[in-house]
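A quick write-up on the structure given underneath.
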Amino acid sequence: MRQPLVIANWKMHGKGAFNQALVEAFLAELKEYRAQCVLCPPFVYLGQLAELLGSSDVMLGAQDCSHIAEGAYTGEVSAQMLRDCGAQWVIVGHSERRQYHQESDALVAAKLSMAQHAGLTPVLCVGETQEQREAGEAESVVKAQLLGALDDLPDLQGLAIAYEPVWAIGTGLSASPEQAQAMHAFIRDVVTDLDATNASALRLLYGGSVKAGNAAELFAQADIDGALVGGASLDADAFAAIVSAA
Ligand code: PGA
């Protein structure tokens, strides 16, 4: 049985007072829930959130990490530094990083390896664009992203994968539960070929316009083990409702 996992990706949103109000309201809203829950603020707010989360079960994550361990790389933040600030998780290969920062599969693979060495649990993001889906290439694109990032990883233990179709991110156009389930089943097949021992325990998250209103039907699918939530994670009530639905 895979424990549900719900991750908040705040992206480049936040401000001291807003963060405090959001986290306090979210923790107050959360009552009965079974899911593991992770908040990923921008780097500069990790320390603030570590304090706000205190001894709660809600964990802390970052949205990215460097592919290098240490050195003269202005502006980079290493996986070890994230660990030092209290993060336990890190998102890698988000489509916005791939699109706006030209991150290749090889770079994503190097980040995954850094994250695991630092003791962080990486969440690898994959997903196709609208054009790729229309051209019938969704599965081949996702498979290439998975193989490009995971081929050199010794085993897939301690990893989560988020399927985020690019056309569903921030658009309000979520994939249907059936579309998402079909891709999740495909991803599980691909990872089974890579590491049959750990594939069935691997958690596969769906991301792309997840809201309080569509979370339950997505989570009801056999291979959807949780969600990576952008926009709705900035609203305490909406995010608490998604975590409760998981
Ligand atoms: P969204 O973003 O929930 O705002 O669509 C999801 C993501 O990009 O992780």
When the stretch 1-49 is examined, which residues are found to be of a type in the set (Ser, Thr, Tyr) and modelled with pLDDT under 95? Tyr33
Of the numbered conditions (1) more than 10 Å from the ligand (Cβ to nearest atom); (2) under 28 Å from Ala144 (Cβ atoms); (3) among the hydrophobic types (A, V, I, L, M, F, W, C), Ala240 fails exactly one; give the number of that condition. (2)
For the stretch 36-49, give me each residue that is in contact with a Pro (Cβ under 9 Å, 6 or more places away or on another chain) and part of a helix (DSSP H, G or I). Gln48, Leu49
Would you confirm whether or not the stretch 53-66 contains a residue that is buried (at least 16 other Cβ atoms within 10 Å of the Cβ) and farther than 30 Å from Gln102 by Cα? yes
Among the numbered criteria (1) out of contact with any helix residue (DSSP H, G or I) (no Cβ under 9 Å at 6 or more places or on another chain); (2) crowded, with 17+ Cβ neighbours inside 10 Å, which one does Gly148 miss? (1)
Can you spot a residue in the stretch 218-235 that is within 15 Å of the ligand (Cβ to nearest atom), of a type in the set (A, V, I, L, M), free of Cβ contacts under 8 Å to residues at least 24 places away in the same chain and in contact with a helix residue (DSSP H, G or I) (Cβ under 9 Å, 6 or more places away or on another chain)? yes
Which residue pairs have Cβ atoms under 8 Å apart, sit 6 or more places apart or on different chains, and have a first residue in the stretch 145-174 that is in contact (Cβ under 8 Å) with a residue 12 or more places away in the chain and at positive phi and a second that is of a type outside the set (Ser, Thr, Tyr) and more than 9 Å from the ligand (Cβ to nearest atom)? Gly158/Gln116
Only residues that are buried (at least 23 other Cβ atoms within 10 Å of the Cβ), within 11 Å of the ligand (Cβ to nearest atom) and modelled with pLDDT of 95 or more: list them for the stretch 169-214, please. Leu205, Tyr206, Gly207, Gly208, Val210
First in the stretch 52-67 and within 27 Å of Lys31 (Cβ to Cβ), second anywhere and surrounded by fewer than 20 Cβ atoms within 10 Å (Cβ to Cβ) and modelled with pLDDT of 95 or more, Cβ under 6 Å, 6 or more apart: Ser56/Leu27; Met59/Gln88; Leu60/Ala50; Leu60/Gly86
Subset of the stretch 120-132 [out of contact with any helix residue (DSSP H, G or I) (no Cβ under 7 Å at 6 or more places or on another chain) and away from the ligand (no atom under 16 Å from the Cβ)]: Thr121, Glu131
For Val142, indicate whether it is part of a loop (DSSP other than H, G, I, E, B), surrounded by 15 or more Cβ atoms within 10 Å (Cβ to Cβ), within 16 Å of the ligand (Cβ to nearest atom) and modelled with pLDDT of 95 or more. no
Ile161 vs (1) farther than 24 Å from Glu103 by Cα; (2) within 14 Å of the ligand (Cβ to nearest atom); (3) among the β-branched types (Val, Ile, Thr): all pass except (1)
Could you look through the stretch 70-97, keep only residues that are closer than 16 Å to Ala149 by Cα and aliphatic (A, V, I, L, M), and pick out the one that is nearest to the ligand (Cβ to nearest atom)? Ile91
Residue list for the stretch 70-97, filter: among the acidic types (Asp, Glu) and more than 19 Å from the chain's Cα centre (by Cα): Glu70, Glu76, Asp84
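The values are calculated or read from the model by the stated rules, or taken from the named source; none is laboratory data. Nothing here was measured: the structure is a model prediction, and the numbers come from that model. Note: ideal-geometry Cβ built from the backbone for every residue, glycine included; neighbour counts use all protein chains shown.
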